[in-house]
Amino acid sequence: MTATLHTFETSAELAENLAKAVADALSAGIARDGSASIAVSGGSTPKAFFKALSNAPLDWTKVTVTLVDERFVEPDSDRSNEKLVRDNLLTGAASAAAFQPLYYPTATADESAATATKETAGIGRPFDVVVLGMGGDGHTASFFPGGSRLAEALDPQTPRGVMTMQADGAGEPRLTYTFTSLEDARLLVLHIEGDAKKTVLETAQGDGPETDMPIRAILRRTASPVAIFWAP
Ligand SMILES: O=C1O[C@H](COP(=O)(O)O)[C@@H](O)[C@H](O)[C@H]1O
C-alpha cells in the first residue's frame, strides 16, 4: 500500500495536526457506527500528541482506547504503556473514554495475551485509528528484529488478536497486536520524530528483508494506506 509523508516544522505542530486528523476519524466512526476505536503506541514519542488529543471536542463516552503493544509489567511501572496513556491521554475530555488494557495480572505473558485477545474481540474490526511508532532498530508495535515470534506476528494468515513477543532489544516480555489486527485501520498512522528516525525510515523504504526491519511490513503490504507524520 502507499505511504504518504506529512512533514511538520515542530513537534508541537505535528501533535496538533495529528490530534485533529485522529479526532476527525473518531468522529466519523461515531457518526457511522455509534462508537469508535483507537489503538495507540507507547514509547517516548507520543506524549505531546496524547495531550493534544485529550482535549479534542468529541463524544469520548463512545470511544474505546487500547494499545498497539505493551510490556508485561504492572500498570504503575514507568515502563508501562498503559501508564503513559492513562497519564497523558485519558485525562480531561478523554477521561470519559473506555480503556482496554493488554496487560493483565496473570502468571505469564501468554495468559495475559489470551485474556487481552478475548477482552478486545469486540473492538477493532477494523480499528478506526491505529497510531504506530518506530524504534531506532526498525521495530514497530512489538515486532522486533530477532523477535521470538516475529514470523507469526507478521504472517497475513495469523488471526487478529494479541500475542507475546520476546527479543533482546525489548527488555521485558511484550504483548502485541498481530499485523492483521492493525493493517486495515481506517486511519493508519506512523508517527516518528527526529532526524535519526527519518534516516531509519529511509533505510526501511529501501530493499531488504522485513525480518531485519519489521516496519517494512507496514510500509510494504498493509491493506490501508499509511500516513507518516514526521517532525525534526
Ligand atoms: O517499545 C516501544 O517503542 C516504540 C518506539 O518508541 P520510541 O520511544 O522510540 O518513540 C513504540 O512505538 C512502541 O509502542 C513501544 O512499545
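A short reminder: the numbers here are calculations on the coordinates, not readings from a lab. Source: prediction; values computed, not measured. Ideal geometry is used to build each Cβ from the backbone, glycine not excepted, and the neighbour counts take in all protein chains shown.
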(request) Could you identify the single residue in Pro214, Pro209, Pro159 that is under 27 Å from Ala25 (Cα atoms) and surrounded by fewer than 19 Cβ atoms within 10 Å (Cβ to Cβ)? (result) Pro159
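Yes or no, residue by residue, for (1) closer than 23 Å to Trp230 by Cα; (2) among the hydroxyl-bearing types (Ser, Thr, Tyr):
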position	(1), (2)
Ser11	yes, yes
Glu16	yes, no
Ala23	yes, no
Ser27	no, yes
Glu74	no, no
Arg79	no, no
Asp87	no, no
Ala97	no, no
(request) Output the residue which, of all residues in the stretch 52-72 that are charged (D, E, K, R) and within 16 Å of the ligand (Cβ to nearest atom), is nearest to the chain's Cα centre (by Cα). (result) Asp69
(request) Name the residue, out of Asp110, Asp137, that is charged (D, E, K, R), in contact with a strand residue (DSSP E or B) (Cβ under 6 Å, 6 or more places away or on another chain) and on the phi < 0 side of the Ramachandran plot. (result) Asp110
(request) Quick one: in the stretch 74-122, of everything that is among the basic types (Lys, Arg) and in a helix (DSSP H, G or I), which residue is farthest from Leu18 (Cα to Cα)? (result) Lys118
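In the stretch 123-135, which residue that is touching a helix residue (DSSP H, G or I) at 6+ places or on another chain (Cβ under 6 Å) and not in a strand (DSSP E or B) is nearest to the ligand (Cβ to nearest atom)?
Residue satisfying both the conditions and the ranking: Met134.
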(message) So, in the stretch 34-51, how many residues would count as being of a type in the set (A, V, I, L, M) and either in contact with a Phe, Trp or Tyr (Cβ under 6 Å, 6 or more places away or on another chain) or away from the ligand (no atom under 16 Å from the Cβ) (or both)?
(response) 2
(request) Could you check Ala151 against (1) in contact (Cβ under 8 Å) with a residue 60 or more places away in the chain; (2) among the aliphatic types (A, V, I, L, M); (3) surrounded by 17 or more Cβ atoms within 10 Å (Cβ to Cβ) and say which number it fails? (result) (3)
(request) Within the stretch 70-87, count every residue that is of a type in the set (S, T, N, Q) and surrounded by fewer than 19 Cβ atoms within 10 Å (Cβ to Cβ). (result) 1
(request) Only one of these is aliphatic (A, V, I, L, M), crowded, with 23+ Cβ neighbours inside 10 Å and farther than 22 Å from Gly161 by Cα: Leu26, Leu67, Leu14, Leu102. Name it. (result) Leu14
(message) Quick check on Gly194: is it within 17 Å of the chain's Cα centre (by Cα), within 15 Å of the ligand (Cβ to nearest atom), over 20 Å from Ile38 (Cβ atoms) and of a type in the set (Gly, Ala, Ser)?
(response) no
(request) For Thr164, indicate whether it is under 20 Å from Lys62 (Cα atoms) and either of a type in the set (S, T, N, Q) or within 10 Å of the ligand (Cβ to nearest atom) (or both). (result) no
(request) Could you check, for the stretch 112-122, whether at least one of its residues is within 16 Å of the ligand (Cβ to nearest atom), without any contact (Cβ under 8 Å) to a residue 12 or more places away in the chain, basic (Lys, Arg) and farther than 30 Å from Glu202 by Cα? (result) no
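Being away from the ligand (no atom under 13 Å from the Cβ), farther than 18 Å from Gly42 by Cα and touching a residue at least 24 places away in the same chain (Cβ under 8 Å): is that true of Asp207 here? Spell out the reasoning first.
Numbers: away from the ligand (no atom under 13 Å from the Cβ): yes; farther than 18 Å from Gly42 by Cα: yes; touching a residue at least 24 places away in the same chain (Cβ under 8 Å): no.
Taking the combined requirement at face value, the residue does not satisfy it.
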